[in-house]
Structures are given as C-alpha cells and as structure tokens.
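J.: Have a look at the structure that comes next, please.
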Amino acid sequence: MDVRIFDTKEQAAQDAFKVIEKAKKDGAKTFGLATGSTPEPLYDVIRESDLDFTDSVALNLDEYAGLDSSDPQSYAYFMKKNLFDAKPFKETHIPNGLAEDSDAETKRYDEIIANNPIDVQVLGIGPNGHIGFNEPGTSFDVTTRLVDLTPETIDANKRFFDSEEEVPRQAFSMGIKTILQSDLIILLAFGANKAKAVKGMIEGPVTEEVPASVLQQHDNVIVYLDADAASQLEK
Ligand code: GLP
C-alpha cells in the first residue's frame, strides 16, 4: 500500500486529484465512486478543474434501500449535487434504492460492472473498517447485494438524517470481490474517528472482521490520510 499522509484533507484531495488526472490521461474511462463526507474535498477539486469526464462512466459503490434518487439523503442525490451537475459523465450508474426485487437489482448492477470494468475506484472507510457497505464479517468473495447495516454504521451515519429512526436499515452495495477487481484503488480517511479502522486496514491482519484489510492483497492501492486518521499507525 502506498500510504500518503497530509496535514489537511484539502491537500490530500489535491494529490488524489493528480492521480486521477494521470490515470485519465493514461486511458482510464470507468470510475468507481464513493459517497459520505470523506470524498467531498476530492469532488470539490474535480468540480473546479478543467478535467473532462464526458467520455467516462461513473459507477457508484452503494445506495440506501428504500430511498428514491430524488431524496436528499440518497447517494444518487449526493452524487448529483456534489459532482455530476457540475461535471457531467457519459454515463452514471448507482443501485436503485427502490428496487422491489433485490436479486434482480443486484444482478442488473453486476452486469453493468461486468460491461464496464472499473479502472479507478475511490473509497472511504467506515469507523468499523467497512468499505462500501461491506460490513465486518462480510466474505471477501461477494459481489453486489442487499446488506443489513450494523448498529455502528447506523449510528455513524445518523448525522446526515434528522433522527436515527430515519436511517435506512439496509443498502445495496458493490461487493469486496468487485472492489478488488479495480486496477487502481484510492482510499481516503480523515479524522480521529477513522484511526482505529485505518490501523487495522494497514497494519492489522487481513481479516473479514476489518473489511478494508483485504486491500493489503491488492497491488495498486493509494491511501490518503490526515494526521488524525494516521495517529495509531506504528510503522
Ligand atoms: C458510508 C458509506 C461508505 C463511506 C463510509 C464513511 O456508510 N457507505 O462508502 O466510506 O460510510 O463515511 P464518511 O466519509 O461520511 O465518514
């Protein structure tokens, strides 16, 4: 893993942007994208840049079950507001949170991914070490599916909702197997509440209990941290 530690998340985002810019120049066409507060500074830099994505495909990692794409809490809405409105892509894809047949929806999404192999995957990390919504205990061998969120994730994400009761209990998520198929993975983590997960991801054993630790097995991962997120690293 190429671990890069910066004073601020804005500086980290600038560097991550340069990596994306170079990947694009080298031919990357399909971008796996993440939501949450962590990638916001990166999307700020992309929005303000001249980089053109009209030849590119965006595939989002996950979406809450039960939320319509027009719901301000949905990840579809987040992406539109934080990136796609200002920076149009040729195609954007995200699981349909309102799908009634979850098996058909996960199959549909996996087919889209199979037709658009991901060149660059942007990731955040949950305080419990999840990537996408692949919670601790998830097999490394899964593709897209409907996930039950853990109480820890519901608690971590309630800050985006009016109350904890409003946080959806399930989400569609790309699987770990899918994430690992990307050529390049850029994971960002900022703040002290990510320090434990970051330590497990980088210095801990590869274990399903810390889903992000599987990234140790991928040969092209760049991890962007601020000092707080890096504070428990020993090496
Ligand atoms: C959410 C998302 C993840 C994200 C993580 C961290 O649950 N499913 O993709 O990386 O939690 O969110 P944040 O960046 O807001 O801390």
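The values are calculated or read from the model by the stated rules, or taken from the named source; none is laboratory data. Keep in mind the model is a prediction, meaning the values are calculated, not measured. All Cβ positions, glycine included, derive from the backbone under ideal geometry; neighbour counts span all protein chains shown. We work out accessible area using only protein heavy atoms, side chains counted, and drop any ligands, DNA or RNA first. Shrake-Rupley method; radii C 1.70, N 1.55, O 1.52, S 1.80 Å.
J.: Over the chain, what is the percentage of antiparallel beta bridges among all DSSP beta bridges, to the nearest 5? Don't jump to the answer; show the numbers that get you there.
T.: On the way: 8 of 31 bridges.
Here the antiparallel bridges make up roughly 25 percent for the chain.
J.: Per residue, how large is the accessible surface of the chain? Use a 1.4 angstrom probe and give square angstrom. Don't jump to the answer; show the numbers that get you there.
T.: Working: 10590 Å² over 235 residues.
Averaged over the residues of the chain, the accessible area is 45 Å².
J.: Apply the a/c threshold of 1.5 to the C-alpha gyration tensor of the chain and tell me whether it is rounded, prolate or oblate.
T.: On the way: a/c = 1.31, a/b = 1.06, b/c = 1.23.
Rounded, because the longest to shortest axis ratio a/c is under 1.5.
J.: Another question about this same structure. Sequence-distant or interchain residues sharing an amide H contact under 5 Å with residue 209, placed H: which?
T.: HN-HN under 5 Å from residue 209: 137.
J.: Just to confirm the filter: which trypsin sites (Lys or Arg not before Pro) across the stretch 116-177 are DSSP coil and have at most 16 other Cβ within 10 angstrom of their Cβ?
T.: Working: sites: 145, 158, 159, 169, 177; in loops: 169.
Those satisfying the criteria are 169.
J.: Among bridges DSSP assigns within the stretch 100-235, what percent are antiparallel (round to 5)?
T.: Working: 5 of 14 bridges.
Expressed as a percentage, antiparallel bridges in the stretch 100-235 total about 35.
J.: In addition: Filter 22/235; 24/87; 18/199; 199/235 down to the pairs with a C-alpha to C-alpha distance above 19 Å, please. Write out the running numbers ahead of the final one.
T.: Numbers: 22/235 29 Å; 24/87 15 Å; 18/199 25 Å; 199/235 10 Å.
As for pairs spanning more than 19 Å Cα to Cα, those are 22/235; 18/199.
J.: I'd like the accessible area for residue 38, computed on protein heavy atoms only with a 1.4 Å probe and all protein chains in place. Round to 10 Å², please.
T.: Rounded to the nearest 10, the figure is 20 Å².
J.: Now, a different point. What residue among 88, 151, 205 shows peak mean-square fluctuation when the chain is described by a Gaussian network model with Cα springs under 10 Å?
T.: With Cα springs under 10 Å in the chain, the top fluctuation among 88, 151, 205 is at 151.
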